[in-house]
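Asks: I'd like to ask you about the structure that follows.
Each reported figure results from applying straightforward, stated rules to the coordinates on display, with no laboratory input. The model shown is predicted, which means the values in this text are computed figures rather than measured ones. With ideal geometry, Cβ positions are generated from the backbone for all residues, glycine too; neighbour counts draw on all protein chains shown.
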Amino acid sequence: MTDIYVVQHTTLAAVFFLAADLETKPRQRFAKLAGGWFFLALSIFYGLTEYVPS
């Protein structure tokens, strides 16, 4: 089940990074980069909680 979350959040991060690459306004670009890093961090978190035994 966690694999689905990892794939979803990694895909969202890629979309945010791509949108930031196409953005021309600095503030909007920063917001989209922040969103990309947020979803990338979430996917790493879900991946670690899945594969590290508690």
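Asks: Sum -39500 (n - 2.57) across every DSSP H segment of at least 4 residues in the chain, then divide by the residue count to get the 222 nm mean residue ellipticity, nearest 500.
Replies: Estimated from H runs of four or more residues: -30500 deg cm²/dmol.
Asks: Here is a follow-up. Label points 7 Å out from Cα along the Cβ direction at T11 and R27: separation in nm?
Replies: With each label placed 7 Å out from Cα toward Cβ, I get 3.2 nm.
Asks: Using Cβ contacts closer than 10 Å as the measure, can you line up Y46, Y5 from fewest to most?
Replies: Y5, Y46
Asks: Taking 0.36 nm per residue of sequence separation and subtracting the Cα-Cα distance, how much length would be gained by fully extending the chain between E50 and L18, in nm to one decimal?
Replies: Extra length available between E50 and L18 comes to 8.8 nm.
Asks: For K32, K25, which order do you get if you count the other beta carbons within 10 Å of each Cβ and list the fewest first?
Replies: K25, K32
Asks: Could you state the angle between the C-alpha long axis of helix 2-22 and the longest principal axis of the C-alpha atoms of the chain, as a value from 0 to 90 degrees rounded to the nearest 10?
Replies: 10
Asks: Which label belongs to the value computed from this structure, given these candidates for Cα extents along the principal axes in Å: [x] 48, 18, 13; [y] 42, 20, 19; [z] 43, 16, 10?
Replies: Matching entry in [x] 48, 18, 13; [y] 42, 20, 19; [z] 43, 16, 10: [z].
Asks: Would you mind counting up the charge near E23? Only other residues with Cβ under 9 Å from its Cβ, with Lys and Arg at +1 and Asp and Glu at -1.
Replies: Here the count lands on +2.
Asks: Another question about this same structure. Please compute the net charge surrounding A13, taking Lys and Arg as +1 and Asp and Glu as -1 over other residues with Cβ under 14 Å from its Cβ.
Replies: Charge balance in the 14 Å sphere: 0.
Asks: Ok, one more. Hey, fewest Cβ within 10 Å first, where do I44, I4 land in order?
Replies: I4, I44
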